[in-house]
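This report concerns only the one structure given below.
The values are calculated or read from the model by the stated rules, or taken from the named source; none is laboratory data. Since the structure is predicted, the reported quantities are computational estimates derived from the model, not experimental observations. Methodologically, a virtual Cβ is constructed for each residue, glycine included, from the backbone with ideal geometry; neighbour enumeration extends over all protein chains shown.
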């Protein structure tokens with residue numbers, strides 16, 4: 001029998017590896033801990049970040065939470081068409097915002113504080129263009145730079161609306177590797193030449209943001225948001241999805257661990273530096289040894305639906321007080337883009353009238 | 001007068017012998033309601049020389065004859081958007097094109113079946129006439145659209161943009177099958193691209209027999225080129 005006194009005595013079970021129920025029962029693995037605020041179903045939640053954030057957005061909608069969409073497709077556009085054009089995947093049509101610098105520059109662009117020199121990239125030989133900052137937002141780009149300019153105005157206004165009116169901001173940090181315009185420092189989500197644009201080594205540099213740069217950018221972005229929306233609550237997550245490719249001359253998985261470590265540090269620093277900023281460990285839930293790798297698909301990269309469910313069960317449980325089982329909403333193919341969207345009433349009426357019109361004409365000519 | 005009827009009504013007696021008309025609107029059981037399959041027993045037993053398709057064609061009017069309660073502008077190659085009014089919601093033009101593809105998918109599915117039924121024949125997709133831009137004419141002959149006359153008409157440039165998008169949808173469908181797309185006859189259009197009233201039927205959307213005559217002339221000269 002021991003009566004030794006030491007600092008670990010009396011600490012909660014979650015601080016001890018052996019006490020984690022998930023070792024025996026992976027589905028019960030819960031690394032979340034205390035969260036500094038809650039979310040209700042009436043809180044407007046804005047999402048941004050890497051592709052994993054799309055899962056969060058979709059599940060929020062499916063679970064009855066208010067995933068704010070400030071850049072919706074027009075009501076005449078069918079939901080599946082809207083989804084193909086990047087509507088409703090996130091709160092505005094920014095596509096994936098992979099790096100903290102990209103987020104910061106998006107905010108600066110939205111408020112007219114930064115106007116990148118790269119306004120459009122050519123796509124093929126047809127005069128079509130893509131937006132360098134969301135090159136995959138439309139399947140075939142835009143018909144011209146003039147059209148893209150119009151769409152960008154709409155888009156950036158939607159970003160401002162989202163920033164100024166949201167109650168909760170969920171940002172998923174995804175990458176540290178990026179391509180930077182050497183002329184003005186503009187950060188592109190993917191290298192020119194992949195989805196439009198022309199790769200010119202004289203114009204762009206590869207850059208791998210380190211923990212200091214990423215922290216500074218993230219803090220600057222969050223401070224910028226807070227200046228415009230002081231009451232916003234912020235949830236940071238790190239995407240568990242490994243890098244698809246690395247420009248570093250090393251194995252992609254080694255680059256992945258470095259990037260994720262940098263992102264994790266930046267998220268941690270932000271939670272320590274700012275009030276009402278919370279780190280939610282979706283990265284840990286998916287990658288923990290407790291779940292035995294079963295949340296990754298056969299390609300060892302994509303996250304399975306079961307993994308997303310585990311993440312979102314805990315999300316809803318800890319932030320909204322929902323019973324664990326209640327947050328177990330099945331993912332649906334139609335997603336947020338499509339949630340309960342009714343056929344446009346005006347179009348439906350016009351179609352019905354047109355049918356009568358044509359039927360009458362057919363009768364008249366019979 | 002439907003788009004096909006405008007053409008059929010212009011046929012001379014002699015010409016009429018060379019045409020067989022399969023009416024998708026008025027032939028009972030032509031389309032199986034459950035499977036959407038075309039019943040080809042309604043088609044002529046003799047093999048035609050060419051197949052002319054004039055299917056649907058009023059989608060642009062459904063979309064844009066009257067102003068939507070949430071007015072919108074669409075993307076434009078040089079102007080950026082039409083109309084220029086920035087208070088309107090903005091829809092990139094590719095999204096409008098995608099709307100037509102989506103809206104016309106059942107029409108094109110039937111067309112695909114006809115292509116499959118006549119695999120080696122030349123096909124011509126005959127365009128619907130352009131929109132009638134004369135509000136007085138539409139108010140005078142509103143037909144079923146009388147119920148909507150309290151609503152403002154869409155701006156002219158928007159109506160033309162939507163019609164052009166519809167034409168592109170039919171053109172793409174034709175190209176998928178190596179077929180020809182026959183646009184509306186220029187002589188029947190105003191300089192702005194609307195249907196000239198001289199070629200308008202007494203209703204809001206269709207051409208008249210004079211319009212049909214121009215289409216027949218177009219078809220003749222196209223067939224001469226092909227021959």
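The residue list A:108, A:155 contains one member that is surrounded by fewer than 18 Cβ atoms within 10 Å (Cβ to Cβ) and not in a loop (DSSP other than H, G, I, E, B), which is A:108. Among the residues of region A:147-157, just one is facing another protein chain (nearest Cβ under 7 Å) and in contact with a helix residue (DSSP H, G or I) (Cβ under 8 Å, 6 or more places away or on another chain), namely A:147.
Can you confirm whether residue A:42 is within 26 Å of residue B:70 (Cα to Cα) and out of contact with any helix residue (DSSP H, G or I) (no Cβ under 8 Å at 6 or more places or on another chain)? So residue A:42 passes the test. In the set (1) part of a helix (DSSP H, G or I); (2) under 30 Å from residue B:51 (Cα atoms), residue B:146 fails one condition alone, (2).
With respect to residue B:123, is the statement that it is within 21 Å of residue A:79 (Cβ to Cβ) and either surrounded by 16 or more Cβ atoms within 10 Å (Cβ to Cβ) or within 13 Å of another protein chain (Cβ to nearest Cβ) (or both) true? Judged against the criteria, residue B:123 is not a match. Within region A:163-217, the set of residues being within 18 Å of the chain's Cα centre (by Cα), modelled with pLDDT under 95 and more than 20 Å from residue A:267 (Cβ to Cβ) comprises just one member, A:190. Against the criterion of being modelled with pLDDT of 95 or more, under 27 Å from residue B:208 (Cα atoms), more than 8 Å from chain A (Cβ to nearest Cβ) and surrounded by fewer than 19 Cβ atoms within 10 Å (Cβ to Cβ), residue B:87 does not qualify.
Would you confirm whether or not region A:165-172 contains a residue that is within 30 Å of residue B:91 (Cβ to Cβ) and surrounded by fewer than 17 Cβ atoms within 10 Å (Cβ to Cβ)? Yes, region A:165-172 contains a residue that is within 30 Å of residue B:91 (Cβ to Cβ) and surrounded by fewer than 17 Cβ atoms within 10 Å (Cβ to Cβ). Exactly one residue out of A:327, A:335 is at positive phi and either surrounded by 15 or more Cβ atoms within 10 Å (Cβ to Cβ) or modelled with pLDDT of 75 or more (or both), and it is A:335. If only residues of region B:98-112 that are in contact with a helix residue (DSSP H, G or I) (Cβ under 7 Å, 6 or more places away or on another chain) and surrounded by fewer than 18 Cβ atoms within 10 Å (Cβ to Cβ) are counted, the one that is nearest to the other protein chains (Cβ to nearest Cβ) is B:102. When region A:56-86 is limited to residues that are at pLDDT 95 or above, under 25 Å from residue A:316 (Cβ atoms) and within 13 Å of another protein chain (Cβ to nearest Cβ), the one that is surrounded by the most Cβ atoms within 10 Å (Cβ to Cβ) turns out to be A:70. Only residues that are free of Cβ contacts under 8 Å to residues at least 12 places away in the same chain and within 12 Å of chain B (Cβ to nearest Cβ): list them for region A:120-146, please. Within region A:120-146, A:126, A:146 qualify.
Tell me, which residue of region A:303-324 that is surrounded by 14 or more Cβ atoms within 10 Å (Cβ to Cβ) and part of a loop (DSSP other than H, G, I, E, B) is nearest to the chain's Cα centre (by Cα)? Across region A:303-324, the extreme among qualifying residues is A:304.
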